[in-house]
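Written below as structure tokens is the structure these notes are about.
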Amino acid sequence: MNNANYKSQMLEGSRAIALTIKNISPAVISAYPITPQTHIVEDLAKFKADGAANYEYVRAESEFAAASIVAGASAAGVRTYSATSSQGLLLMIEVVYNIAGMRLPVVMTCANRALSAPINIWNDQQDVMAARDAGWILLFAENHQEAVGQHIMAFKIAERLKIPVMANVDGYIMTHTYEPVIIPTAEQIKRYLPDYTPVAGQFLDPENPVTMGVLATPAHYMEIRQELHDDLTASLKTIDLEYKKYHSLIQNSKFKIQNYKSKFKIIDNGLLEYIGPKSPQTIIVALGSVISTIKDTVAESKDVGILKIKVFRPFPAEEILKIIKPAKNVAVIDKSISLGHIGPLASDIKAVAQGQTTANITSFVVGLGGRDITKEIILKIIKLAGRKSDRARFIGKV
Amino acid sequence: MVEIRIHGRGGQGVVTAAELIAIAAFKDGKQAQAFSSFGVERTGAPVESYVRIDDQPIITRQQIYRPNVLIVQDASLLGAIDVAKGADKNTLIIINTAKNKDELKINLPPGARKNNLHFIDATKIAIAIIGKNIVNTVILGAFAKATGLIGLKSLEAAIKEKFVDQPNLVAKNIKAVKRTYQSNI
């Protein structure tokens with residue numbers, strides 16, 4: 001199998017992810033088909049109905065059940081996948097915590113959308129913040145190609161480390177947008193991601209009986225939780241390593257996808273991407289697809305750098321600090337708000353910078369409930385970045 | 001970069017129209033992006049969709065505020081919302097209407113040239129060919145002809161790709177596209 005046959009296609013984000021999952025071929029997929037859901041599971045159900053897929057597709061009676069079904073299947077030792085969004089993730093949340101606590105390598109897509117009330121089906125990133133502390137690896141993609149890669153890497157990382165991975169994509173802005181993307185074939189993916197073989201003694205197997213999700217008394221609970229935390233923190237290394245492997249085996253020089261070009265040095269690894277001057281006046285930090293609009297706005301500015309966080313949990317603190325240190329101002333953009341405080345990403349960046357830099361770090365909240373994030377909004381944020389403020393500034397219009 | 005904005009109502013194929021343009025442009029070897037400003041799936045609610053076409057990779061994700069091409073699939077929107085907002089005198093405008101320019105309530109951009117305005121009775125053609133008031137492909141034939149942004153062959157291929165699960169729609173929609181592509185608009 002040579003890799004000269006990478007073909008670019010014009011696809012909706014959901015379809016790109018669905019085709020990728022089909023080629024990864026998990027054993028069990030479960031989802032609940034109601035708004036807010038995505039075309040991802042609709043497509044996956046259709047591939048199955050058309051006889052074009054080998055996985056078991058279980059239509060659940062609720063999001064809670066869908067999460068429980070993939071948890072159970074994963075505990076039984078097979079590769080599993082689900083996708084959800086918004087209120088659906090909230091209904092799953094008890095199981096989401098259990099999946100991480102039981103160290104089940106589940107992979108799930110979250111199409112990021114706003115939460116009720118008021119009712120709103122459009123994009124922001126408030127939903128995933130409800131799962132922030134659950135013990136999952138949280139990845140964020142800027143565009144379709146990055147989402148495809150992150151989904152493939154997600155299975156490898158989850159299965160190597162026994163830590164679940166949530167691949168986040170902006171609802172509508174990515175799930176419903178058509179743009180060019182390359183979907184690696186099943187054979188190409190297999191060279192990077194071999195079939196999943198669970199380790200004896202780590203899954204429900206009559207030959208090697210184990211108990212999962214056992215009661216842990218005060219004598220043991222804390223150590224078990226700390227172990228999960230330590231393993232999650234240490235996973236940064238594996239995530240970065242898998243990124244390098246993915247790029248040498250699949251998304252390599254034969255993988256011709258047109259990309260944003262910049263005259264600046266680009267730092268690009270599995271955890272983050274930085275584009276901009278070495279010592280910028282201002283660095284803008286954000287998660288997900290808004291990075292594209294920021295790139296378009298800031299293009300080639302000698303004053304402004306752009307820091308894309310690809311891995312939000314575990315938080316790549318050291319790598320972020322290295323990049324933001326030389327900047328005078330750090331403008332952190334969140335599409336969510338820790339109500340009563342500031343944006344969650346801004347809060348984390350401030351914690352990382354504590355005592356390490358004199359940069360003025362400020363929190364900007366944008367795009368809630370599908371509000372369009374325009375070039376003008378980005379320019380306004382750059383303008384305001386030098387002004388001190390301890391509060392979240394909501395920039396909804398200019 | 002060319003920016004196209006399409007206005008219509010839920011159920012009229014506004015989103016599909018944008019997707020078809022992007023798929024066709026991509027088949028022509030160009031970079032493209034299509035997305036929409038959805039309502040919650042409500043038939044009849046105003047919907048906007050957007051397409052960008054360029055030779056370079058398309059980076060921005062903001063909605064389209066200054067369209068180079070404006071398509072209005074439903075003239076009943078004209079009194080309700082300012083569809084021509086952000087258009088300038090060079091914007092090519094295609095409107096589905098049985099009326100003529102003087103009867104329409106549209107705030108045309110100042111200095112708009114007459115040959116940039118195209119009025120087609122797409123509803124009449126759609127009902128005759130497709131059997132329903134879904135006018136997107138009828139208008140796309142006119143769009144391809146008037147703008148030269150996408151080729152007829154690519155548009156036909158895009159329709160085949162998009163309606164792969166509904167083969168009964170393919171022939172009708174290709175016929176609809178050809179009807180306006182081959183007419184004098």
Entirely in segment A:284-388, the strands (runs of 3 or more DSSP E) that have 1 or more residues that are within 14 Å of chain B (Cβ to nearest Cβ) and more than 25 Å from A:SER86 (Cα to Cα): A:304-309
Per-region count, segment A:177-223, residues loosely packed, with under 12 Cβ neighbours inside 10 Å, in a helix (DSSP H, G or I) and without any contact (Cβ under 8 Å) to a residue 24 or more places away in the chain: 3
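Would you mind listing the helices (runs of 4 or more DSSP H) fully within segment A:1-103 where at least 2 residues are of a type in the set (S, T, N, Q) and open to solvent by 10 Å² or more (accessible area, probe 1.4 Å)?
A:86-101
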Scan of segment A:253-281 for residues that are under 21 Å from the mean Cα position of the chain (by Cα), of a type outside the set (A, V, I, L, M, F, W, C) and surrounded by 16 or more Cβ atoms within 10 Å (Cβ to Cβ), ordered by number: A:TYR260, A:ASN269, A:GLY270, A:GLU273, A:TYR274
Residues (open to solvent by 80 Å² or more (accessible area, probe 1.4 Å) and either assigned to a helix (DSSP H, G or I) or over 19 Å from B:ILE134 (Cβ atoms) (or both)) located in segment B:162-185: B:PRO167, B:ASN168, B:LYS175, B:ARG179, B:GLN182, B:ASN184
Qualifying positions in segment A:198-236 - of a type outside the set (A, V, I, L, M) and either under 30 Å from A:LYS7 (Cα atoms) or under 22 Å from the mean Cα position of the chain (by Cα) (or both): A:HIS229, A:ASP230, A:ASP231, A:THR233, A:SER235
Subset of segment B:91-105 [within 17 Å of the chain's Cα centre (by Cα) and open to solvent by 20 Å² or more (accessible area, probe 1.4 Å)]: B:LEU92, B:ALA98
Output for segment A:104-125, where each listed residue is surrounded by 24 or more Cβ atoms within 10 Å (Cβ to Cβ), more than 9 Å from A:ASP170 (Cα to Cα) and within 13 Å of another protein chain (Cβ to nearest Cβ): A:ALA114
Within segment B:65-76, considering residues that are modelled with pLDDT of 95 or more and either surrounded by fewer than 22 Cβ atoms within 10 Å (Cβ to Cβ) or part of a strand (DSSP E or B) (or both), the one farthest from the other protein chains (Cβ to nearest Cβ): B:VAL72
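Please find, within segment A:148-176, the residue that is farthest from A:ALA100 (Cα to Cα) out of those that are within 14 Å of chain B (Cβ to nearest Cβ) and buried (at least 24 other Cβ atoms within 10 Å of the Cβ).
First, pick out the residues of segment A:148-176 that are within 14 Å of chain B (Cβ to nearest Cβ): A:169-176.
Filter once more, keeping what is buried (at least 24 other Cβ atoms within 10 Å of the Cβ): A:169-171, A:173-175.
On the way: A:VAL169: 20, A:ASP170: 23, A:GLY171: 24, A:ILE173: 28, A:MET174: 26, A:THR175: 26 Å.
This residue is A:ILE173.
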Within segment A:300-355, tally of residues that are under 24 Å from A:LEU232 (Cα atoms), surrounded by fewer than 17 Cβ atoms within 10 Å (Cβ to Cβ) and touching a Lys or Arg at 6+ places or on another chain (Cβ under 7 Å): 0
Qualifying residue in segment B:52-61 (condition: over 21 Å from B:ALA158 (Cα atoms), more than 10 Å from chain A (Cβ to nearest Cβ) and touching a strand residue (DSSP E or B) at 6+ places or on another chain (Cβ under 6 Å)): no
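Table: residues versus (1) closer than 30 Å to A:GLY72 by Cα; (2) among the small types (Gly, Ala, Ser).
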| site | (1), (2) |
| --- | --- |
| A:MET222 | yes, no |
| A:LYS244 | no, no |
| A:SER253 | no, yes |
| A:LYS261 | no, no |
| A:ILE267 | no, no |
| A:GLN281 | no, no |
| A:SER292 | no, yes |
| A:THR297 | no, no |
| A:VAL304 | no, no |
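Which of the residues that make up segment A:177-195 are under 25 Å from B:ALA25 (Cα atoms) and more than 14 Å from chain B (Cβ to nearest Cβ)?
A:ILE183, A:PRO184, A:THR185
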Segment A:258-274: number of residues that are within 14 Å of chain B (Cβ to nearest Cβ) and at pLDDT 95 or above: 1
Residue identified as part of a loop (DSSP other than H, G, I, E, B) and at pLDDT 95 or above among B:GLY44, B:GLY29: B:GLY29
Selected residue [of a type outside the set (Gly, Ala, Ser) and under 25 Å from A:SER363 (Cβ atoms)] from A:ILE275, A:ILE250: A:ILE275
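Scan segment B:1-26 for residues that are outside any strand (DSSP E or B) and under 19 Å from B:ALA80 (Cα atoms) and jot them down. Show your work before the answer.
Of segment B:1-26, the ones outside any strand (DSSP E or B) are B:1, B:10-26.
Correct list: B:GLY10, B:GLY11, B:GLN12, B:VAL14.
From the list B:ALA18, B:ALA34, B:ALA98, which one is over 23 Å from B:LYS162 (Cα atoms) and either modelled with pLDDT of 95 or more or more than 8 Å from chain A (Cβ to nearest Cβ) (or both)?
Numbers: B:ALA18 fails: over 23 Å from B:LYS162 (Cα atoms); B:ALA34 fails: over 23 Å from B:LYS162 (Cα atoms).
Within the list B:ALA18, B:ALA34, B:ALA98, the selection yields B:ALA98.
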Unique residue being open to solvent by 10 Å² or more (accessible area, probe 1.4 Å), touching a helix residue (DSSP H, G or I) at 6+ places or on another chain (Cβ under 6 Å) and either more than 10 Å from chain A (Cβ to nearest Cβ) or without any contact (Cβ under 8 Å) to a residue 40 or more places away in the chain (or both) when the list is B:ASP88, B:ASP28, B:ASP82: B:ASP28
Residue within segment A:257-275 that is basic (Lys, Arg), assigned to a loop (DSSP other than H, G, I, E, B) and in contact (Cβ under 8 Å) with a residue 60 or more places away in the chain present: no
Count of residues meeting criterion [open to solvent by less than 60 Å² (accessible area, probe 1.4 Å) and in contact (Cβ under 8 Å) with a residue 40 or more places away in the chain] in segment A:232-246: 8
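The values are calculated or read from the model by the stated rules, or taken from the named source; none is laboratory data. Just so you know, these numbers come straight off a predicted model, no measurement behind them. No Cβ is skipped: glycine too gets one built from the backbone with ideal geometry, and neighbour counts run over all protein chains shown. The accessibility values were calculated without ligands, DNA or RNA, using every heavy atom of the protein model including side chains. Shrake-Rupley method; radii C 1.70, N 1.55, O 1.52, S 1.80 Å.
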